[in-house]
Amino acid sequence: HGSGTTGTGASTTPLSFELYPPRTDAAAMALGRTIDRLVQVDPAFISVTFGAGGSSRDRSLTVLRYILDHTDVEPMAHLTCVGSSHAEANELVRRFLDAGIRSFLALRGDPPAGADPDAPLGDLATAAELVQLIHRVQQEREPFRQVDVPGTPGAARIRARASSTRVAVAAFPNGHPRSRDLSQDVDILLAKQVAGANLAITQLFWVADDYLGFVERARAAGVTMPILPGIMPTTSPARLARLTELTGVEPPAEFSIALEIEPDATGQTDIGIAFAARLAADVLAGGAPGLHLYTYNRHEAVLDVVDRLGLVPKTTNERNVDRR
Ligand code: FAD
């Protein structure tokens, strides 16, 4: 456990991490240390979740600002639009752009538990509409840029403005819990790309072929943006049960049984990390463009997965020393 070392080297496989906004000052302090560790493997971005309905807006922004101010890593803001009016969604996007955020994960989000399933969801019914809104707000703010047009005579120039914003969206290899069938999930992903999304991140999944098959169907349908596999090292039976409930995606029986029968927490951690590392290796072997790791605000398990995969050059043993 932890025999690998992680220094300041960059991985050749793009890595990214997901965090959630902490609820207490103590958790915020711990998260600062987690972020400091995660940036050592030079991730392409770190994303921060957003409570649907806006409950976490300021706490999400605080974490995003910390990443912006203290690291060289790009912070990515999850945003949801469920329950918002058009004006509110507009204001939300402006606020994040004002804070210096240039990278978003546009989500619809879920209505609060127990809400009337037929109640209106707000002015933006799908994540695709939020993708469009983010680009529009960003373009309105960006000053016109001078662009040279190759091959035009003399000083002919046009003024152009192009959105430099990265807008990611969610993808569901095993189907969104509310979707009719798996082909609908591919259609929806394509609609998000047409709306301007340039990256997809998947819901977690437990079987490499579920991801690889989904990517194949998405490509056949015309989805060209990278589809990052979302992987979470799941290191306790209780957490696995909770994730199954949240996502509706059933883990393989051998994995849940192995976690159940292992009495010791360290043993469970090892099982979860080994499982995630094998899944990650399999999707990378199948052509995945990188790995998006769900962290639960802890660096140990995800960095152990990265270590096991041998993704980061072993330049120093800084992390090992520190972890003794
Ligand atoms: P959409 O893809 O827009 O889909 C919402 C629903 O509408 C689905 O049932 C879909 O089948 C249906 N639908 C979409 N488009 C159409 C269409 N054109 N025609 C018919 N039906 C359609 N939630 C949070 O609250 N905060 C977070 O930070 C957060 N982060 C997440 C990160 C990732 C990587 C993932 C995978 C999910 C995350 N979620 C988060 C959960 C997400 O908000 C829920 O899964 C939500 O139910 C759907 O959001 P979406 O963006 O996928 O919506």
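Applying the set (1) modelled with pLDDT under 95; (2) away from the ligand (no atom under 16 Å from the Cβ); (3) surrounded by fewer than 19 Cβ atoms within 10 Å (Cβ to Cβ) to residue 11 leaves exactly one unmet item: (3). Once segment 17-33 is narrowed to residues that are assigned to a helix (DSSP H, G or I) and in contact with a helix residue (DSSP H, G or I) (Cβ under 9 Å, 6 or more places away or on another chain), the residue that is farthest from the ligand (Cβ to nearest atom) is 32.
What is the residue count in segment 237-268 for residues that are in a helix (DSSP H, G or I) and touching a residue at least 60 places away in the same chain (Cβ under 8 Å)?
Initial filter on segment 237-268 (in a helix (DSSP H, G or I)): 237-247, 253-261, 265-268.
Restricting the remaining residues to those that are touching a residue at least 60 places away in the same chain (Cβ under 8 Å) gives 247, 266.
The total comes to 2.
The residues listed here are 306, 283, 302; of these, the one that is assigned to a helix (DSSP H, G or I), touching a Phe, Trp or Tyr at 6+ places or on another chain (Cβ under 6 Å) and at pLDDT 95 or above is 283.
For residue 44, the conditions (1) touching a helix residue (DSSP H, G or I) at 6+ places or on another chain (Cβ under 6 Å); (2) under 24 Å from residue 298 (Cβ atoms); (3) modelled with pLDDT of 95 or more; (4) more than 14 Å from the ligand (Cβ to nearest atom) all hold with the exception of (1). Once segment 97-113 is narrowed to residues that are at pLDDT 90 or above, in a loop (DSSP other than H, G, I, E, B) and not basic (Lys, Arg), the residue that is nearest to the ligand (Cβ to nearest atom) is 109. Of all residues in segment 232-269, those that are in contact with a helix residue (DSSP H, G or I) (Cβ under 9 Å, 6 or more places away or on another chain) and closer than 17 Å to residue 296 by Cα total 12.
If you take the residues of segment 153-173 that are part of a loop (DSSP other than H, G, I, E, B) and either among the aromatic types (Phe, Trp, Tyr) or at pLDDT 95 or above (or both), which of them is nearest to the ligand (Cβ to nearest atom)? Only one residue fits best here, namely 172. If I filter segment 259-276 for residues that are touching a strand residue (DSSP E or B) at 6+ places or on another chain (Cβ under 9 Å) and either of a type in the set (A, V, I, L, M, F, W, C) or surrounded by 19 or more Cβ atoms within 10 Å (Cβ to Cβ) (or both), do I get at least one hit? Checked against the condition, which is being touching a strand residue (DSSP E or B) at 6+ places or on another chain (Cβ under 9 Å) and either of a type in the set (A, V, I, L, M, F, W, C) or surrounded by 19 or more Cβ atoms within 10 Å (Cβ to Cβ) (or both), segment 259-276 yields at least one hit. Are any of the residues in segment 232-250 crowded, with 20+ Cβ neighbours inside 10 Å and within 22 Å of residue 131 (Cα to Cα)? No; the residues of segment 232-250 include none that is crowded, with 20+ Cβ neighbours inside 10 Å and within 22 Å of residue 131 (Cα to Cα). A Cβ distance below 9 Å, combined with a sequence gap of six or more or placement on separate chains, defines the contacts here; from segment 193-204, residues that are farther than 15 Å from residue 226 by Cβ and within 9 Å of the ligand (Cβ to nearest atom) reach residues that are of a type outside the set (Gly, Ala, Ser) and in a strand (DSSP E or B) in the pairs 204/231; 204/294. Inclusion of residue 73 among residues that are more than 16 Å from the ligand (Cβ to nearest atom), at pLDDT 95 or above, among the aliphatic types (A, V, I, L, M) and touching a helix residue (DSSP H, G or I) at 6+ places or on another chain (Cβ under 6 Å) is warranted. For segment 114-137, taking the residues that are more than 10 Å from the ligand (Cβ to nearest atom) and among the small types (Gly, Ala, Ser), the one that is farthest from residue 84 (Cα to Cα) is identified as 114. Among the residues of segment 47-61, those identified as out of contact with any helix residue (DSSP H, G or I) (no Cβ under 8 Å at 6 or more places or on another chain) and closer than 15 Å to residue 104 by Cα are 47, 52, 60.
Only one entry in 180, 141, 217 is surrounded by fewer than 21 Cβ atoms within 10 Å (Cβ to Cβ), basic (Lys, Arg), at pLDDT below 95 and away from the ligand (no atom under 15 Å from the Cβ), namely 141. Taken over segment 188-232, residues that are aromatic (Phe, Trp, Tyr) and in a helix (DSSP H, G or I) amount to 2.
For segment 73-96, filtering for residues that are part of a helix (DSSP H, G or I) and surrounded by fewer than 22 Cβ atoms within 10 Å (Cβ to Cβ) leaves 7.
Within the option set 123, 116, being part of a loop (DSSP other than H, G, I, E, B) and more than 16 Å from residue 54 (Cβ to Cβ) holds for one residue only, 116.
Could you run through segment 248-279 and say how many residues are more than 18 Å from residue 308 (Cβ to Cβ), within 23 Å of the chain's Cα centre (by Cα) and of a type in the set (A, V, I, L, M)? Residues that pass the stated criteria total 1.
The values are calculated or read from the model by the stated rules, or taken from the named source; none is laboratory data. Computed from a predicted structure; not experimentally measured. Glycine also receives a Cβ, built like all others from the backbone with ideal geometry; neighbour counts cover every protein chain displayed.
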